[in-house]
Amino acid sequence: MECKQPPNPRETAWEALSAHQIAVADLHMRYLFKVDPQRANRFSLRLDDFLVDYSKHRVTQETITLLMALADAVGMEQRINEMFSGVAVNKTENRAVLHTALRSPRKPLLIPGIGKQVAEVHEELSRVGRLVRQLHEGQLKGSTGKVLNHVVNIGIGGSDLGPRLAVDALRSFHTNSIRVDFVANLDAQDLGLVLSHANPETTLFIVTSKSFTTLETHANAMAAREWLHGHGCTETGKHFVAVSSNLDVTGKFGIPEEQVYRIWDWVGGRYSVWSAVGLPLAIYIGMEGFMQFLDGAHRMDRHFLEAPRERNIPLILGMLDVWYNNFFRAETLAVVPYDERLRLLPGYLSQLMMESNGKGVTLDEKPLDCQSSPIVWGSVGTNAQHAFFQLLHQGNRLVPVDFLLPLRGAPESNSHHKLVANCIAQGEALMSGQENHAEPYRNFPGNRPSTTISYTDLTPANLGMLLALYEHRTFVQAQVWQIDAFDQWGVELGKQLAGEIIREMENGAPGKQHDSSTTMLIRHFLESR
Ligand code: F6P
């Protein structure tokens, strides 16, 4: 007798969505707006200062219902609770994932069981606060007795992108005269440029590296130390602090333990801006602003945990990502802030989403049966309109777009409405298109999806909310794909091979194990020297 397998709920929900996609694929959004005057209200959500309009998507109420059924089928609610309560959801590294604890109030309101971590977080925040105060009050002096007034963060990936974005985005909240710069690249021109306008006597380096073994950061920190010593600033401890979990190596480098700010193994690099990794931001906008940044993220955490699923912004946006990625086979997500302050957001989100979800194996170590992370890219509007928007409007692939739209612009501007008008017009044009069959090159097919995320102004709290929204949206995608969003094994092989090739270059000859192309390129370089 044949034994019937019980239906797999994920597969059932997936099949229902596939069938539904075929049914709605030819529906034009122009029609959906026409038949439902309430569409904008129906498919938009508000939270504090934010309005999230997802009505310009190729969805009906049934689509949302089916997407929520898929979320249920993968146990989304339980998965969210597990992450917030410190279950080791990073399976391949057997680690809890508690960036949400980094922005929790001292008494965790949300979830019991993470009291110890939250207490440690607040202890560390007090230490960060002390350093910030000392710097602001001019109490910290370099080797030659001069007050430190220039901070250079050395770090890469998650130890760079978050604080760099936040400092750049919150320039108008700068509360003091301390200058903050960032160096990430192994290309010495990056550090060289920053040092060319730095005074060694007044510069403090923050070496930010969770592992403190990252090649780029190590090389830049060594070069910075050499530069200081070359200028007579020989007391390393007076010019360096570190943010790391590797106290052995920071000590060997010459940074006293009391100048090392802690980061825990339950904080992933790309989720770490809320920890002491955010020190450059705390220095730049002050502790009060930094706490508002954390508080904004916490507001989004609460919303993600508590909002009913059809009102839950990260859940809806994450499931829409799945809708296009897996059912329309869109391959990318364009992020277009109509906000110059968010010019670094597309790069930040590339790491967040692609390093988290660019995976091909499930949590059960089986090949993933569908496409994982979209390629995340973009640039600020209106510049992007004059660059790649041609493809968005008339190219023959589907590219969902996120528009970021501040209601308030630069205080000195009397043309902000023009910027806003351009953003709104692009969403309208992508959605409605304009038919011209007589001149096909002038035809705009429309039916191209976009989300508009609007906020009153880019305050520290709103930036915190926005980044936390994207973190949770990334988490939602990962639950559907059933992958580990918190490891990054894919970066290891390149690192390992680079190590081998560096050694071969230092020995003057390529090793025997390479293919002919790699050997030729190594030789080509060696012969150029
Ligand atoms: O690129 C891999 C990676 O581990 C990222 O995940 C991380 O943000 C970056 O390197 C920097 O790591 P660390 O903080 O240990 O120097």
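The values are calculated or read from the model by the stated rules, or taken from the named source; none is laboratory data. Everything numeric in this text was worked out from a predicted model, so none of it was measured. Glycine also receives a Cβ, built like all others from the backbone with ideal geometry; neighbour counts cover every protein chain displayed.
Quick rundown of the values:
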{"item": "Flag for L109 being assigned by TED's automatic domain parsing to the domain that holds T203, farther than 30 Å from I22 by Cβ and at pLDDT below 95", "result": "yes"}
{"item": "Qualifying residue in segment 293-306 (condition: touching a Gly at 6+ places or on another chain (Cβ under 7 Å), away from the ligand (no atom under 16 Å from the Cβ), assigned to a helix (DSSP H, G or I) and among the aromatic types (F, W, Y))", "result": "yes"}
{"item": "Contacts under 8 angstrom Cβ, first residue in segment 218-247 being among the aromatic types (F, W, Y), partner at pLDDT below 95 and part of a helix (DSSP H, G or I), 6 or more apart", "result": "F240/F253"}
{"item": "Helices (runs of 4 or more DSSP H) contained in segment 308-407 and holding at least 3 residues touching a helix residue (DSSP H, G or I) at 6+ places or on another chain (Cβ under 8 Å), hydrophobic (A, V, I, L, M, F, W, C) and in contact (Cβ under 8 Å) with a residue 60 or more places away in the chain", "result": "313-322"}
{"item": "Meets criteria (crowded, with 20+ Cβ neighbours inside 10 Å and touching a Ser or Thr at 6+ places or on another chain (Cβ under 9 Å)) for L27", "result": "no"}
{"item": "Residue match in segment 213-221 (condition: in the same structural domain as D190 (by TED's automatic domain parsing), within 16 Å of the ligand (Cβ to nearest atom) and outside any helix (DSSP H, G or I))", "result": "yes"}
{"item": "Segment 490-510 residues that are of a type in the set (F, W, Y), paired with ones that are away from the ligand (no atom under 16 Å from the Cβ) (beta carbon under 8 Å, 6 or more apart)", "result": "none"}
{"item": "Pairs, first under 13 Å from N312 (Cβ atoms) in segment 39-50, second basic (K, R) and at pLDDT 95 or above, C-beta under 9 Å, six or more apart", "result": "L45/R311; L47/R299; L47/R311"}
{"item": "Neighbours by Cβ (under 9 Å, 6+ apart or cross-chain): first from segment 252-268, on the phi > 0 side of the Ramachandran plot; second among the hydrophobic types (A, V, I, L, M, F, W, C) and away from the ligand (no atom under 13 Å from the Cβ)", "result": "G254/F240"}
{"item": "Inter-residue pairs, beta-carbon under 7 Å, first assigned by TED's automatic domain parsing to the domain that holds V241 and at pLDDT 95 or above and in segment 136-159, second buried (at least 20 other Cβ atoms within 10 Å of the Cβ) and among the aromatic types (F, W, Y), 6+ apart", "result": "V152/F205; N153/F182; I154/F205"}
{"item": "Some residue of segment 189-197 being assigned by TED's automatic domain parsing to the domain that holds H136, within 16 Å of the ligand (Cβ to nearest atom) and of a type in the set (S, T, N, Q)", "result": "no"}
{"item": "In segment 251-292, residue nearest to E120 (Cα to Cα) [restricted to those that are within 12 Å of the ligand (Cβ to nearest atom) and either outside the structural domain of T236 (by TED's automatic domain parsing) or assigned to a helix (DSSP H, G or I) (or both)]", "result": "A276"}
